[in-house]
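Here, each number is a calculation from the coordinates, and none is a lab measurement. Every value quoted in this text rests on a predicted model; they were computed, and no experiment measured them. Methodologically, a virtual Cβ is constructed for each residue, glycine included, from the backbone with ideal geometry; neighbour enumeration extends over all protein chains shown.
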Ligand SMILES: Cc1cc2nc3c(=O)[nH]c(=O)nc-3n(C[C@H](O)[C@H](O)[C@H](O)COP(=O)(O)O)c2cc1C
């Protein structure tokens, strides 16, 4: 089950499912989530920031009904999703809150596949909570992200989202998104799922994926995320008081949030990152512990 606007997550899903489809023993059923109405791409600035409160507060959009048989007991459910504003994207919330998800996930092992810029940890905690609430069994996580430095990939992702251009920019900003190499190598995760399914060893999937470097934790970014998600929550409620998704009444507050976010990213986060690198040598033990915690979770 996946949603993708730009096609990036669709390519990741294709790569992962390759090895699963090349075998007679396994049948792969792919379900694409289709929001109604669809989200714009490329986005205007106002539209892009309008999506913040609903992403953060978990307010779903409408989805076209799924086409698969939700009454079947699938051996493995794979949910490929993306974070929006440190939270699951609005279509991801919509899926997890649907009746279809309730039926599909109950009692089933669920793998999460994330395609993102680089901040997914807080959003994953929510996805895991959804899976547990629906009585599914979280069976592992795979994260593909943009490997460019944080402050460069912020510029290139915004250009990608608002102009639809993903290529190198001004000779400084690397191409935006998950690299082609990482996308094609994601097929190795499909191979791991393939052998776990055939050996009937789904319970070992999580550790096999971790062993194959399916998750890389960057504690400096986790630190920014932890603070960011609290502040986004405050802003989200402040904006929602003025109106629902897309309403003109809340545009003033949406724009205020936009300026706030730009200021935080460029004025505060370089200091936060510098502080992290300064205290890092004294906190190696707790950083290691934190890394292990988020990798295992
Ligand atoms: C509104 C919006 C907010 C986003 N917020 C985040 C974020 O908080 N963390 C992150 O790593 N990526 C973020 N991204 C990037 C997406 O996770 C994703 O990588 C991108 O939208 C392209 O993938 P897709 O077309 O397959 O969805 C955001 C994208 C959008 C459109």
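Once you've got the GNM for the chain with C-alpha springs shorter than 10 Å, pick whichever of 188, 38, 286 has the biggest mean-square fluctuation.
286
Angle, helix 187-198 long axis vs. longest principal axis of the chain, Cα atoms, 0 to 90°, nearest 10?
With rounding to tens, the tilt is 40 degrees.
Based on other C-beta atoms within 10 Å, arrange 279, 222, 34 from fewest to most.
On the way: 279 11, 222 19, 34 14.
Ordered by Cβ neighbours within 10 Å, fewest first: 279, 34, 222.
Could you check how many percent of all C-alpha pairs in the stretch 166-259 are farther apart than 18 Å?
Working: 3074 of 4371 pairs.
The calculated P(r) of the stretch 166-259 puts 70 percent of pairs beyond 18 Å.
Plugging the Kirkwood radius over Cα pairs into Stokes-Einstein for the stretch 132-190, at a temperature of 20 °C and a viscosity of 1.002 mPa s, what D comes out in µm²/s? Mind showing how you got there, number by number?
On the way: Rh = 13.4 Å.
Using the Kirkwood radius from Cα pairs, D works out to 160 µm²/s.
What number do you get for the stretch 114-158 when its Cα radius of gyration is normalised by 2.2 N^0.38 Å, N = residues? Working shown, then result.
Details: Rg = 13.3 Å, N = 45, 2.2 N^0.38 = 9.3 Å.
That ratio works out to 1.43.
Over the stretch 30-168, calculate the relative contact order: mean separation of alpha carbon pairs under 8 Å at least 6 apart, over the residue count, as a percent. Provide the component values of the computation, followed by the final result.
Working: 213 pairs, mean separation 34.8, N = 139.
Worked out over the stretch 30-168, it gives 25 percent.
Largest first, please: the extent of the C-alpha atoms of the chain along each principal axis, to the nearest Å.
53, 47, 37
Can you sort 238, 271 from fewest to most other Cβ atoms within 10 Å of each residue's own Cβ?
The order, fewest Cβ neighbours first, is 271, 238.
Report the FRET efficiency, 1/(1 + (r/R0)^6), for residue 180 and residue 45, where r is their Cβ-Cβ distance and R0 is 30 Å, rounded to 0.05.
Efficiency computed from Cβ-Cβ geometry: 0.60.
Short version: what are the Cα gyration tensor semi-axes of the stretch 110-223, square root of 5 times each eigenvalue, largest first, in whole Å? Present the calculation step by step, with values, prior to reporting the outcome.
Values: eigenvalues 177, 56, 27 Å².
That gives 30, 17, 12 Å for the three semi-axes.
Between residue 62 and residue 21, what is the label-to-label distance in nm when each label sits 7 Å out along the Cα-to-Cβ direction?
Label at residue 62, label at residue 21, 3.1 nm between them.
Stretched out fully, how many nm does the piece from residue 195 to residue 249 gain, at 0.36 nm a residue minus the Cα gap? Mind showing how you got there, number by number?
Details: separation 54, 0.36 × 54 = 19.44 nm, distance 5.33 nm.
Additional length available on full extension: 14.1 nm.
Under a plain spin-label model, where a point goes 7 Å from the Cα along Cα-to-Cβ, how far apart in nm are residue 135 and residue 166?
Once both label points are built, they end up 4.0 nm from each other.
Mind checking the full-extension length gain between residue 152 and residue 242? Use 0.36 nm per residue of separation minus the Cα-Cα distance, one decimal, nm.
On the way: separation 90, 0.36 × 90 = 32.40 nm, distance 3.32 nm.
Value of the extension gain: 29.1 nm.
Rg(Cα) of the stretch 1-158 divided by 2.2 N^0.38 Å?
On the way: Rg = 15.5 Å, N = 158, 2.2 N^0.38 = 15.1 Å.
That ratio works out to 1.03.
Give me the angle, in degrees from 0 to 90, between the Cα long axis of helix 8-21 and the longest principal axis of the Cα atoms of the chain, rounded to the nearest 10.
10
Please work out how much length the chain gains when fully extended from residue 259 to residue 36, using 0.36 nm per residue of separation minus the C-alpha to C-alpha distance, in nm with one decimal.
Numbers: separation 223, 0.36 × 223 = 80.28 nm, distance 2.92 nm.
Roughly 77.4 nm would be gained on extension.
At a 10 Å Cβ-Cβ cut-off, how would you order 93, 211, 194, fewest neighbours first? Display every interim value, and only then the final one.
Working: 93 24, 211 10, 194 20.
Neighbour counts put them in this order, fewest first: 211, 194, 93.
What percent do you get for the relative contact order of the chain when only Cα pairs under 8 Å and 6+ apart count? Each step should come with its number before you reach the end.
On the way: 442 pairs, mean separation 60.8, N = 297.
RCO, the chain: 20 percent.
By how many degrees, 0 to 90 and rounded to 10, does the Cα axis of helix 45-57 deviate from the longest principal axis of the chain?
Helix 45-57 sits at roughly 60 degrees to that axis.
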